[in-house]
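Worksheet for the structure shown next.
The values are calculated or read from the model by the stated rules, or taken from the named source; none is laboratory data. Every value quoted in this text rests on a predicted model; they were computed, and no experiment measured them. So basically every Cβ, Gly included, is an ideal-geometry build from the backbone, and we count neighbours across all protein chains shown. We work out accessible area using only protein heavy atoms, side chains counted, and drop any ligands, DNA or RNA first. Shrake-Rupley method; radii C 1.70, N 1.55, O 1.52, S 1.80 Å.
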Amino acid sequence: AEDHWLNLNSCFTPLKCTEGCLVWASERSGYQHLYLHARDGECLGAITAGEWVVDAVCAVDEERDVIYFTASIADPRQRNLFVAPL
């Protein structure tokens, strides 16, 4: 049996839109980023990417198709609020 590690996070965010059903964070790239998933669990693509970590989802504005999140992009000692398209 292989040993696996799963970091739990609070970035699960259900959506009402028909294209995607939820936002979930994953470390599949080596950094925790946000991904859009369909109702059946299929990953529809990355919402965020880069050599930095998403800390938390703060809000989703489905009318504007954007998500607000905190991350430490420029300096790992600071958390800032960012916005990205869904």
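Condition check ((1) surrounded by 12 or more Cβ atoms within 10 Å (Cβ to Cβ); (2) modelled with pLDDT under 90; (3) part of a strand (DSSP E or B)) across all residues:
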residue	(1), (2), (3)
Lys16	no, yes, no
Gly20	yes, yes, no
Val23	yes, no, yes
Gly30	no, no, no
Asp40	no, yes, no
Gly45	no, no, yes
Gly50	yes, no, no
Cys58	yes, no, yes
Tyr68	yes, no, yes
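Could you please let me know if Leu36 is of a type outside the set (Ser, Thr, Tyr), closer than 11 Å to Leu86 by Cα and either in contact with a helix residue (DSSP H, G or I) (Cβ under 7 Å, 6 or more places away or on another chain) or open to solvent by less than 40 Å² (accessible area, probe 1.4 Å) (or both)?
Working: of a type outside the set (Ser, Thr, Tyr): yes; closer than 11 Å to Leu86 by Cα: yes; either in contact with a helix residue (DSSP H, G or I) (Cβ under 7 Å, 6 or more places away or on another chain) or open to solvent by less than 40 Å² (accessible area, probe 1.4 Å) (or both): yes.
Here the answer is yes, as Leu36 does meet what is asked.
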